[in-house]
1. Given the condition in contact with a Pro (Cβ under 9 Å, 6 or more places away or on another chain), at pLDDT below 95 and among the aliphatic types (A, V, I, L, M), answer yes or no: does some residue in region A:102-125 qualify?
2. Return a yes/no flag: does region A:92-115 have any residue that is near RNA strand B (Cβ under 8 Å from one of its atoms) and among the acidic types (Asp, Glu).
3. Whether any residue in region A:94-102 is under 29 Å from the mean Cα position of the chain (by Cα), within 29 Å of A:Gly387 (Cα to Cα) and crowded, with 16+ Cβ neighbours inside 10 Å is what I want to check.
4. Within the set of pairs 6 or more residues apart or between chains, which connect a residue that is free of Cβ contacts under 8 Å to residues at least 24 places away in the same chain and open to solvent by less than 10 Å² (accessible area, probe 1.4 Å) inside region A:228-243 to a residue that is assigned to a helix (DSSP H, G or I) and within 15 Å of RNA strand B (Cβ to nearest atom) with Cβ atoms less than 8 Å apart?
5. Do you know which residues across region A:303-341 are assigned to a helix (DSSP H, G or I), open to solvent by less than 20 Å² (accessible area, probe 1.4 Å) and of a type outside the set (Asp, Glu)?
6. For region A:239-261, name all the residues that are part of a strand (DSSP E or B) and within 25 Å of A:Val386 (Cβ to Cβ).
7. Tell me the helices (runs of 4 or more DSSP H) entirely within region A:1-82 that contain at least 2 residues that are farther than 25 Å from A:Met324 by Cα and touching a residue at least 12 places away in the same chain (Cβ under 8 Å).
8. Only residues that are among the aromatic types (Phe, Trp, Tyr), surrounded by fewer than 16 Cβ atoms within 10 Å (Cβ to Cβ) and not in a loop (DSSP other than H, G, I, E, B): list them for region A:125-150, please.
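The values are calculated or read from the model by the stated rules, or taken from the named source; none is laboratory data. Predicted model, so just to flag it, every value in this text is computed and none were measured. Glycine gets a Cβ as well: all are built from the backbone with ideal geometry, and neighbour counts include every protein chain shown. Note: accessible area is taken over every heavy atom of the protein model, side chains too, but ligands, DNA and RNA are not part of it. Shrake-Rupley method; radii C 1.70, N 1.55, O 1.52, S 1.80 Å.
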Amino acid sequence: MLDIKFVRENAELVRQSCRNRRARVDLEQLLALDGKRREILPTLEALRQERNRVSQEVGRAKKAGTDPSAVFASMKQVGEQIKTLEQELGQVDELLQELLYAIPNLPHASVPVGEDENANELVGVWGTPPEFDFEPLNHWDIGEGLGIVDFERAVKMAGARFTLLKGAGSRLERALINFMLDLHTTQHGYLEILPPFMVNSKAMTGTGQLPKFAADLFKVQDTDYWLIPTAEVPVTNLHMDEILEELPLRYTAYTPCFRAEAGSYGKDVRGLIRLHQFDKVELVQFVHPEKSYQHLEELTSHAETVLSQLELPYRRMCLSTGDMGFSSAKTYDLEVWLPGQKTYREISSCSNFEDFQARRIGVRFRDKGRKNTELAHTLNGSGLAVGRTMVAILENYQQADGSVAIPEVLQPYMGGLKKICVEDK
RNA sequence: GGAGGGAUGGCCGAGCGGUUUAAGGCGGCGGUCUUGAAAACCGUUGACCCAAAAGGUCCGUGGGUUCGAAUCCUACUCCCUCCGCCA
């Protein structure tokens, strides 16, 4: 959520930003409501001041033994006026809030302006795509060939966009989770969190999934519980309504992620790329506003370290205004090379939300020795999407005989296994 | 699921209709004393709205009663204790 004061004073900038982000927002109504609010407030406060003053007088009179009841009739009217204005203000506030919630974050000046992903900017490319002396397979053919992924049975018990892993596949997933968590906690200074996998509406609103994107989420019937679409939600809400004493704070969390994937019919229907449930290790930071872009570089490099340690070729993109997430001010996507599909695919998304989420969640901090509180900046990034990392390993490490080599750093997590062959299933 | 108890400032905790601009304590900060520290003593110390002052809001959340609500009524949420069930 943007600061209403900022919107008021920079209406044109906000209008342009919404246009660049392809968001339709009724800014005129918002500004009109803001004006109305600022009209009501002084009147209301003057009346309340009057009521406070007279009430004190009544108290004093009663104590002194005189009869104060002469003012009661007129004060009753004041009370009624206050109630009327409060109701009016409440309605204005509610609508104002609703409109404010619908405005996407302001993109950082360095973000390329553009319609969609075609306007994304290539930041850099790392690693060399492997050469094969055979035609590399898709990960679903490799996985099924090895018997470590079962697409059909998962569909029977759950439906489309669900899969299940078996044997060395399950273990590889588990190995990846542990490897990533260990890397971030021991090398990058993150504290591991194991959060709830369901959260309430307030938390979903805090990070920006609600109220606008309910259709992308799964909700538990007859409750206020939503399945988390990413660990970003519980972990960023960790410090709801708190004044932090020390920054930066770095958290990492493994969770499954649940996404309704509404509107993605026909996209990535095969394989492990787009599922209703997938595993992810997330990185979240709470940082000082002056340093949040340094931290974005740092956090992104932490995600990149996972890729480089796994020796997977990847590139970094800076998302354009049209392709960025609603709450983000700047986002880098890391895209891993997939030889079976001969393309780069998103495996991590690292964003600086500046104070957009912090304002909704109420995360502030106080500089040592300072009196005022200030909103913290929040960031997060995938470090990494585990299922897609499995895809990348299957495709990049595939061998002519149908087996898949295990990246060296994962071998300790696989009980020393160097290669998944058909007989290992 | 049943019965009972509770929710007050960073924490503990008083207040149960009118100088509450929320007592007191702990913690934090500043000072006195000390070579330094501790102890002791003195002072100070919530958030939010408002450019600021003045002022206003906030005692779990919403609604109500009243001239006036932390205090009374009401609904909801959450927490605790006991019973039941249970990995």
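1. Yes.
2. Of the residues in region A:92-115, the ones near RNA strand B (Cβ under 8 Å from one of its atoms) are none.
For region A:92-115, residues near RNA strand B (Cβ under 8 Å from one of its atoms) and among the acidic types (Asp, Glu): absent.
3. no
4. Nothing qualifies.
5. Within region A:303-341, A:Ala303, A:Val306, A:Leu307 meet the criteria.
6. A:Leu249, A:Arg250, A:Tyr251, A:Thr252, A:Ala253, A:Tyr254, A:Thr255, A:Pro256, A:Cys257, A:Phe258
7. Because the criterion is at least 2 residues that are farther than 25 Å from A:Met324 by Cα and touching a residue at least 12 places away in the same chain (Cβ under 8 Å), the helices (runs of 4 or more DSSP H) in region A:1-82 that meet it are A:27-64.
8. A:Trp126, the sole residue that qualifies.
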